[in-house]
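Each value in this text was obtained by applying a stated rule to the coordinates, not by laboratory testing. In this text, all values refer to a predicted model and were calculated from it rather than measured experimentally. Here the Cβ positions follow ideal geometry from the backbone for every residue, glycine too, while neighbour counts run over all protein chains shown.
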Amino acid sequence: MTKSAPPPVTDAITPQQPSAELPDLNEIPRAVPFVRTLTPEDKAVFESDTQSRHGDLVLLAGNVEIKYHGRTLRADSVTYNVATGQMTADGHVHVTSDENDESLTATHGSYNLKTGLGRFYEVSGSVGMRGGASTAGSTPTAFLFKGKMVVKSAPTRYDVYDGWVTSCELPKPDWELSSHHIWMDGERAAASNTTFRLINVPVLFLPYVTHPTDMTARQSGLLVPVISQSSTKGIVIGEGAYIVLGRSADLTAGFEYFSSRGFSEFGTFRYKGRGMDFASAHFSALQDRGYYDNYNHYINQGGEDVTAAFRRDFNAKWRGVGEAEYLSSYIYREAFNNNFNQAVSSDITSLMYLSRTSNGYVADARFERYQGLKRVSYINTAGVTIPGEEVRIFHAPQFEFNSIDHHIANTPLLWKVNSSFGGLKRIQPNFTDHGVVQRFDLSGELAAPFHAEGWNGTASVIARETVYSHSRKSPYGAAATPVELNDPVNRASLEMKVDLRPPAIERTFEVPEKLQKFFGTEMRHTVEPEIQYRNVRGIDNFLSILRFDDVDLAANTDELEYGLTQHLYFRPRPKKDAKPVSPECEAEQEKLDAEGTPSAFADAAGDSFLPTNDGNGIASADDTAAAPPLRSHHGHNNCAVQKPQQQEWFSWKLAQKHFFDPTFGGAVINSRRNVFDSTLSLSGIAFLTEARDISPLISRMRLRTSSHTDIAWDFDLDPGAKRFTSSNVYIDAHEGQWFGGLSFADLNAPGRFYSIQINSTNNTGTLTSSANSTFAQMRVLGGYGTPTKPGFSAAANAGLDLRLDSLQYGSLQTNYNWNCCGVSVEYRKYELGSTRNEGVFRFSFTLINIGTAGNLRRQERIF
């Protein structure tokens with residue numbers, strides 16, 4: 001390039017003045033693709049110690065190598081027909097081809113260099129080895145085989161006679177599948193009358209086996225049989241089939257026979273459509289022969305469980321979603337589900353809806369069904385069956401129209417509307433609605449955000465109207481049986497709310513040199529206060545409202561919520577090879593920290609990157625995702641490389657509510673739990689058993705000093721009862737191949753109300769607390785390794801009930817992987833009261849490029 005301007009163009013050609021020197025386009029001959037005719041001599045390259053030619057035959061001897069379009073053949077001697085491409089090779093024959101990643105070694109054979117087809121003897125070879133060897137549990141990559149004769153009759157077709165196939169490294173594979181005839185093509189491999197050998201020991205005879213060789217393809221077939229043992233089920237024998245229903249759907253179905261209980265069936269259907277569209281269903285059942293307990297009572301735990309889910313996006317605005325479950329017996333799920341969380345779940349929910357979204361408005365029609373178990377049925381010592389108790393709630397159907405905040409033109413004001421109309425029904429042991437209760441709910445909100453000198457807030461007014469076709473007889477006491485009235489009831493309310501965020505308080509401290517290894521060079525402490533005032537008036541008939549969902553929990557309130565959130569940020573020490581921090585970068589970094597803008601920091605190569613955040617919003621210190629560097633005001637200093645970003649190590653949120661109306665407009669009933677929308681928004685733990693003006697103190701604490709450690713402690717501290725109503729601790733740590741975790745959950749709620757029970761005999765009183773929901777449970781996990789790690793791995797977990805001093809569940813899993821196969825063994829223990837006390841052994845055996853056999857599912861591993 002030069003600084004001088006280009007010379008002026010004097011003979012420029014313009015469209016108005018075509019140049020006479022340009023030829024007429026019609027006179028230019030049309031271009032025709034040139035096809036070069038290549039002779040065989042042009043296509044193949046020969047190298048050998050000696051060569052001779054007799055017509056079309058070429059005789060090659062001594063270190064022969066022939067290359068042709070990605071195919072290479074090496075041998076001691078070769079006779080090659082240049083016209084046909086056919087050749088015969090003898091002595092140390094080795095054929096490689098880019099096609100199929102093919103590699104064949106044989107003593108002799110015939111091969112066509114043009115077609116890539118041939119026949120070889122005393123062969124060992126492989127196809128699909130581009131990815132190299134794998135370990136058990138990793139992605140399959142290749143098939144290796146050996147046989148007396150191998151015939152390649154098509155570009156991807158291989159017939160192996162009197163040989164075996166494996167996915168292990170040669171020459172001594174860990175496993176092999178031998179047969180008189182094995183064939184493979186680009187889609188699948190198959191063989192009949194096969195013998196499976198493990199470490200050269202015959203283990204299993206299989207009349208027929210087949211497996212897809214294309215890892216993106218699926219193939220119907222029988223699954224490997226399952227055999228295990230259980231202390232309550234006896235010997236378990238199972239078999240299943242996998243059926244491909246098309247490009248986007250499949251079905252798995254089978255059965256298991258429990259020698260002590262009976263037959264169990266299962267089936268799973270899956271469909272994957274375009275985008276987010278999908279459909280799935282699962283079925284399981286047991287025809288239980290039953291057993292006799294210690295009191296000689298007959299117990300039958302059979303049942304059925306059916307689940308289904310789907311999603312369909314019709315276009316950008318319309319969407320249909322649904323999930324449903326039918327469970328014939330809670331006892332069946334508790335006794336036979338292998339997942340502990342599902343086994344002890346007492347809720348069944350079903351939901352289907354069709355929605356339309358456009359310009360910030362959402363309209364939908366939905367059907368909901370909730371089924372919650374409150375007491376499990378059981379047989380008492382007298383042999384009498386005590387029935388279970390459950391609650392069923394239906395929304396059948398319900399129509400909703402909602403919106404997000406919209407601006408009023410030429411004003412700072414925002415408005416939104418929410419509405420619903422539907423039929424409701426509730427069924428429980430002491431109450432059932434007569435017919436269907438109709439409910440119409442409409443609310444509108446007008447909000448005004450404001451900002452002043454670092455203060456931010458929103459003031460809003462909400463008007464709400466709710467109409468019910470039926471009502472409940474009131475007043476009533478703590479344990480009163482609900483009585484439904486056919487009289488309609490109207491609930492109207494006006495709510496005023498102010499949400500205020502004062503300026504955050506912060507200070508940055510310099511860390512002493514001797515502590516910088518642990519806390520970095522700087523520490524920043526911030527305190528963010530929050531204040532919200534809420535007043536709801538007009539709901540003077542709360543006790544007349546039937547209960548179906550959270551819409552019915554609206555009550556009068558006059559409350560103030562206050563809280564603050566603290567953060568501790570630490571800036572890591574710069575790396576030893578980092579550039580010195582310039583004054584410009586120092587000023588820019590302080591500005592970014594003050595604004596809360598994440599700055600980039602450098603990896604080992606000096607390149608900048610932006611950290612990603614985990615589910616808690618905490619940046620990983622080990623993240624190395626590439627991103628463009630941030631630059632200083634001068635445009636050439638990479639400040640991000642010079643100074644690491646601050647990282648949040650600790651956060652702690654405290655919140656509480658003061659109720660200026662302790663009775664919530666007369667809605668509070670003594671001696672029972674009271675749940676309102678204002679208490680539910682603060683904590684999921686009920687705490688109202690009488691009128692009160694102070695809520696429990698809510699604490700949410702998080703600590704993460706690195707990407708290897710997470711600690712959390714959440715608790716609700718009730719100042720009235722002077723105890724924790726709930727406390728949950730979570731610890732997770734991992735370093736290298738080692739990992740561990742612990743969680744503790746304690747509940748003691750509501751626990752603030754006390755009553756006097758009078759003894760009619762001697763007229764004395766006893767102070768007793770109200771009935772509480774109490775439990776204390778602990779979960780522990782520890783282990784070493786991963787399911788795909790070569791060699792040995794092990795993990796164990798357990799669930800403990802500290803109040804009953806009992807083990808709820810526990811499991812120990814061990815795993816060992818060779819270069820191409822692996823085995824996992826698990827012992828699992830369940831102790832679920834009188835319903836289930838089971839110990840079961842399970843296993844899985846994994847073959848690279850084949851699959852996994854056994855009844856230890858991947859999703860049930862604890863690694």
Practice prompt. Grab the Cα-Cα distance for Asp101 and Ala798, subtract it from 0.36 nm times how many residues apart they are, and report the gain in nm with one decimal.
Written response: 246.2 nm
Item to complete: Once you have the Cα-Cα distance between Thr774 and Arg188, take 0.36 nm times their residue separation minus that, and quote the gain in nm to one decimal.
Response: 205.2 nm
Item to complete: Mind putting a number on the dipole of region 183-250 about its Cα centre? Charges go on the C-beta only, +1 for Lys and Arg and -1 for Asp and Glu, and I need it in Debye to the nearest 20.
Response: 180 debye
Worksheet item: What percent of all Cα-Cα pairs in region 63-106 falls in each 5 Å bin, counting up from 0?
Response: 6, 22, 32, 27, 13, 1
Response to the item:
FRET efficiency for Glu65 and Ala249 from the Cβ-Cβ distance with R0 = 41 Å, rounded to 0.05, comes out at 0.25
Discussion item. Can you order the peptides 536-549, 49-62, 278-291 by their average number of other Cβ atoms within 10 Å per residue, highest first?
Written reply: 536-549, 278-291, 49-62
Practice prompt. Report the antiparallel proportion of the DSSP beta bridges in region 334-482 as a percent, rounded to a multiple of 5.
Written response: 100 percent
Worksheet item: Which stretch or stretches of region 503-539 have amide N atoms under 14 Å from the point lying 7 Å from His708's Cα along the Cα→Cβ direction?
Response: 518
Discussion item. Between Thr357 and Phe509, what is the label-point separation in nm under the 7 Å Cα-to-beta-carbon projection?
Written reply: 4.5 nm
Worksheet entry | Trp415-Tyr271 FRET efficiency (beta carbon distance; Förster radius 35 Å; 0.05 resolution) | 0.25
Worksheet entry | Nearest-0.05 FRET efficiency for Asp805 and Ser231, computed from C-beta distance (R0 30 Å) | 0.90
Worksheet item: Between region 172-223 and region 237-302, how many Å separate their Cα centres?
Response: 27 Å
Worksheet item: If you stretched the chain out fully between Tyr257 and Gln438, how much longer would it get, using 0.36 nm times the residue separation minus the C-alpha to C-alpha distance?
Response: 60.3 nm
